[in-house]
Ligand code: NAD
């Protein structure tokens, strides 16, 4: 048993409205690299090259973005044991929802109903036109890139098209932030999983839960920026810790 896992289970045992807050670390065991972990994307790529401003104003940035989407493996990834453990918790009636920073759609792919998932940073499986808001599954657009359109445009209006994810410099989705806040205030325990808890405003969500009285458990490999605020920090791989935790609770 991992150090602190027993303590986390004891702390969560009598709780009835658990809220999960997930980050890139829950999906590394599905083969998707995180941003700031030891193998993180930002160790290889400069994030300032991929701002919303650069995407809109620079065809080279868009071309590189489509190539990176194809190579990232995100579009083909499958859920892992951590995603599935959260589904088990949902089925048991103890999970009030999942607020995720992830854009991979793996919580829903694992079997959570879409109403149980709040996506703060969007979903990479969908592409939208920035001008007329027409939309397509990302695989349809990737097929166009593969067929030779390096910088595909909207077939309806000629506008720039982009995966439905929030880039640096882009506004947060208002309804999702509101929903996340409602869930945070209503939960009696917050479990943050696989996140450095360093990206704001998303990282306010667990803080809001803690400040309104929820117990706070962090499951992560490596330090987070909120370790000092948690009731228990469980160091370990989400794919091992979560199934053990859910087995004990559900
Ligand atoms: P982050 O990269 O800042 O932090 C990830 C944390 O998870 C690190 O501390 C890392 O050591 C830890 N970790 C890695 N593998 C783990 C595992 N198996 N079990 C437990 N912990 C593990 O990620 P973040 O805090 O989510 O913030 C970065 C931003 O990255 C988010 O806004 C998100 O939109 C974006 N992102 C998403 C994906 C995805 O959708 N899968 C992937 C990369 C980045």
Checklist entry - Would you pick out the residues in segment 236-250 that are over 11 Å from residue 5 (Cβ atoms) and part of a loop (DSSP other than H, G, I, E, B)? => result 237, 250
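With respect to residue 246, is the statement that it is modelled with pLDDT under 95 and either in the same structural domain as residue 110 (by TED's automatic domain parsing) or out of contact with any strand residue (DSSP E or B) (no Cβ under 8 Å at 6 or more places or on another chain) (or both) true?
Working: modelled with pLDDT under 95: no; either in the same structural domain as residue 110 (by TED's automatic domain parsing) or out of contact with any strand residue (DSSP E or B) (no Cβ under 8 Å at 6 or more places or on another chain) (or both): yes.
It is false that residue 246 is modelled with pLDDT under 95 and either in the same structural domain as residue 110 (by TED's automatic domain parsing) or out of contact with any strand residue (DSSP E or B) (no Cβ under 8 Å at 6 or more places or on another chain) (or both).
Taking the options 156, 133, 128, name whichever one is buried (at least 16 other Cβ atoms within 10 Å of the Cβ), without any contact (Cβ under 8 Å) to a residue 60 or more places away in the chain and assigned by TED's automatic domain parsing to the domain that holds residue 60. Let's see the steps before the verdict.
Working: 156 fails: buried (at least 16 other Cβ atoms within 10 Å of the Cβ); 133 fails: buried (at least 16 other Cβ atoms within 10 Å of the Cβ).
Every option except 128 fails the conditions.
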Checklist outcome for this item: Of 97, 93, the only residue that is at positive phi, surrounded by 20 or more Cβ atoms within 10 Å (Cβ to Cβ) and not in a helix (DSSP H, G or I) is 97
Next on the checklist: Testing residue 59 on (1) surrounded by fewer than 20 Cβ atoms within 10 Å (Cβ to Cβ); (2) at pLDDT 90 or above; (3) within 29 Å of residue 111 (Cβ to Cβ), one condition comes back false. Which one is that?
Outcome noted: (3)
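Yes or no: residue 209 modelled with pLDDT under 95, away from the ligand (no atom under 13 Å from the Cβ) and over 30 Å from residue 133 (Cβ atoms)? Break it down into steps so the answer makes sense when it comes.
Details: modelled with pLDDT under 95: no; away from the ligand (no atom under 13 Å from the Cβ): yes; over 30 Å from residue 133 (Cβ atoms): yes.
Taking the combined requirement at face value, the residue does not satisfy it.
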Item to check | Flag if residue 142 is more than 15 Å from the ligand (Cβ to nearest atom), more than 22 Å from residue 225 (Cα to Cα), touching a residue at least 12 places away in the same chain (Cβ under 8 Å) and assigned to a helix (DSSP H, G or I) | outcome: yes
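The values are calculated or read from the model by the stated rules, or taken from the named source; none is laboratory data. Small disclaimer: the values here were computed from a predicted structure and weren't measured. Here Cβ is always computed from backbone atoms with ideal geometry, including for glycine, and neighbour counts include all displayed protein chains.
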